[in-house]
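In what follows, a single structure is set out as structure tokens and then discussed.
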Amino acid sequence: MLYTTTSILKLKRDLLKITQILDVESIRKDFPILKREVNGKPLVYFDNGATSQKPQVVIDAITNYYTNENSNIHRGIHTLSQEATNAYEEARKKVQQFINAKHSNEIIFTKGTTDSINLVASSFGKKHLKKGDEIIISTMEHHSNIVPWQMICEEKEAILKVIPINDKGELLMDEFKKLLSPKTKMVAVTHVSNTLGTINPVKEIIAEAHQKGALVLIDGAQAVPHTKVDVQDLDCDFYAFSGHKMFGPTGVGILYGKEAILNNLPPYQGGGDMIKTVTFEKTTYNELPHKFEAGTPNIVGGIGLGVAIDYMNSIGISTIEAYEHELLAYATKQIKQIEGVRIIGEAKNKASVLSFVVDGTHPSDIGMIIDKLGVAIRTGHHCTEPLMNRFNVPGTARASFAFYNNEEEIDIFIAALNRAVTMLK
Ligand code: PLP
């Protein structure tokens, strides 16, 4: 890589702009894992798309819950049970405010995005789908937003249609509009692609689908950690996301659904907490949100997610967005200077995901070499095999950034990548 004096000055200006947005050095101190070394080198964690790291406040909340508050919720009159119930329900309200849902009973705790989408595909599909009905997804969906729809389509003899994309990784909106018809019962698309970083025009998609009478589910797994989500403004019918990708614990996620629509769906699973009365002859179901929360939930997960939301709010989602935008621009500019690198996903609107392939090399070889230099990126199909087929690649290498990453780490990554490319050629 050859830098001229002008390009060095330009890079320095970019760096200054980045550091003015956010005091990243003080934020990094909140994430204990960032202090560790991997293979004798400081960890550079660029696998945030797969899961994010946890700030100390979230780790402390988990420890505190098991140390001082552990109890089952909703069922006990004793103090511990009430404290745990209050903390869990408080977390639900934090989620409600975070995505601006109208009511807290529209917030269903699930295991994660996958669980949320399966819930909708199953409950909605069982009640509302019939032979010949159509579901629309897109080429860039995660397997979690493909397979549950395939399963219910198979069961109900419904048809799955797919919105194509252009070479930059943007949805072809005209083609989407052509796919919509009175037969369309559900449109399920991702807000942000985990592989390409594309931010989809979901508000427009929702409006178009509603005109044809279809409901819309948005997979927000990669959007919520990076951008402001307002479900009332979007007017989506369902919105799904995971706690672990937004600095909270694993095993907890959210399904937002409009109250009237959720009320009109059958329960997903049967068991404790989701019932009002049970006799051997007949069971009546609980009200929202409990109707969809059978069994003991991930209590500490919910509480930890609430703390993660507090933490994100303390930084500010628009600050996070602006900072990550600059990080992505900086990394993109640098990676483009490495010979043989091809970026997969060059949409106009992108979140902080940088997927790439390098001529004549396999992504996993790159991943392995740079791991030896302390840099964690993801390689493979990223649970988007149909998308890999669309780009005719077996997989990509993907660096995905969070607000605790900095430009120094990008420099380390680029140097490591240069070394890997030289070794593999
Ligand atoms: N949807 C998208 C866009 C994702 O990136 C992911 C995870 O990578 C998922 C769904 C599935 O999320 P989870 O494994 O947390 O259920």
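The values are calculated or read from the model by the stated rules, or taken from the named source; none is laboratory data. Bear in mind the structure is a predicted one, so any value in this text is a computation, not a measurement. When we count neighbours, we look across all protein chains shown, and the Cβ atoms used for this are built from the backbone with ideal geometry, even at glycine. Note: accessible area is taken over every heavy atom of the protein model, side chains too, but ligands, DNA and RNA are not part of it. Shrake-Rupley method; radii C 1.70, N 1.55, O 1.52, S 1.80 Å.
Couple of notes before you dig in:
- Taking the square roots of five times each eigenvalue of the Cα gyration tensor of the stretch 24-89, the equivalent ellipsoid has semi-axes of 35, 12, 10 Å, listed largest first.
- Ligands, DNA and RNA left out, the 1.4 Å accessible surface of the chain is 52% carbon and sulfur atoms.
- Between helix 202-211 and the chain there is an angle of about 40 degrees, using the helix long axis and the longest principal axis of the Cα atoms.
- Column: log10 I(q)/I(0), Debye, Cα scatterers of the stretch 71-313, q = 0.08, 0.12 Å⁻¹: -0.30, -0.67
- Whether the chain is rounded, prolate or oblate, judged on the alpha carbon gyration tensor where a/c under 1.5 counts as rounded: oblate
- Reducing the stretch 115-193 and the stretch 349-425 to their Cα centroids gives an inter-centroid distance of 29 Å.
- Relative to the longest principal axis of the Cα atoms of the chain, the long axis of helix 5-21 lies at roughly 30 degrees.
- Helix axis angle, 363-372 relative to the chain longest principal axis, alpha carbon, degrees: 70
- Straight-line cross-link partners of LYS156 among the lysines, defined as a Cα under 23 Å from its Cα and at least 8 positions apart when in the same chain: LYS126, LYS127, LYS130, LYS131, LYS183, LYS185, LYS212.
- Three-way shape call for the stretch 243-367 based on the alpha-carbon gyration tensor, with the a/c threshold at 1.5: prolate
- Dipole of the chain, positive direction: furthest Cα of ALA61, GLY360, SER138, with charges on the beta-carbon: GLY360
- Dipole magnitude (debye, nearest 20) for the stretch 71-313, charges at Cβ of Lys, Arg, Asp, Glu: 400
- Once the Kirkwood radius over Cα pairs is known for the stretch 315-416, the Stokes-Einstein relation at 20 °C and 1.002 mPa s delivers a diffusion coefficient of 151 µm²/s.
- Per residue, the chain reaches -12500 deg cm²/dmol at 222 nm when only DSSP H runs of four or more residues are counted, each adding -39500 (n - 2.57).
- For the pair the stretch 61-90 and the stretch 201-239, the centres of their Cα atoms are 33 angstrom apart.
- Entry comment: accessible area of the stretch 71-313 is 39 Å² per residue, from protein heavy atoms only and a probe of 1.4 Å.
- For the stretch 340-405, applying the loop criterion from DSSP together with a ceiling of 12 other beta carbons within 10 Å to the trypsin sites (Lys or Arg not before Pro) yields LYS348.
- The alpha-carbon of LYS372 sits under 27 angstrom from the alpha-carbons of these lysines, leaving out residues fewer than 8 places away in its chain: LYS29, LYS35, LYS41, LYS54, LYS245, LYS333, LYS336, LYS425.
- In plain terms, the chain is cut at each of the GluC sites (Glu not before Pro) found in a DSSP loop with at most 14 other Cβ atoms within 10 Å, and the longest leftover piece is 1-156.
- Listed by chain and number, the aspartates and glutamates whose alpha-carbon sits under 18 Å from that of LYS228, ignoring those within fewer than 8 places in the same chain, are GLU204, ASP219, ASP237, ASP310, GLU321, GLU324, GLU326.
- With the whole protein complex present, MET173 retains an accessible surface near 30 Å², based on a 1.4 Å probe.
- One way to sum up the overall shape of the stretch 103-165 is the equivalent ellipsoid from its Cα gyration tensor, whose semi-axes run 21, 16, 10 Å, largest first.
- For the stretch 214-334, the share of DSSP beta bridges that are antiparallel, to the nearest 5, is 75%.
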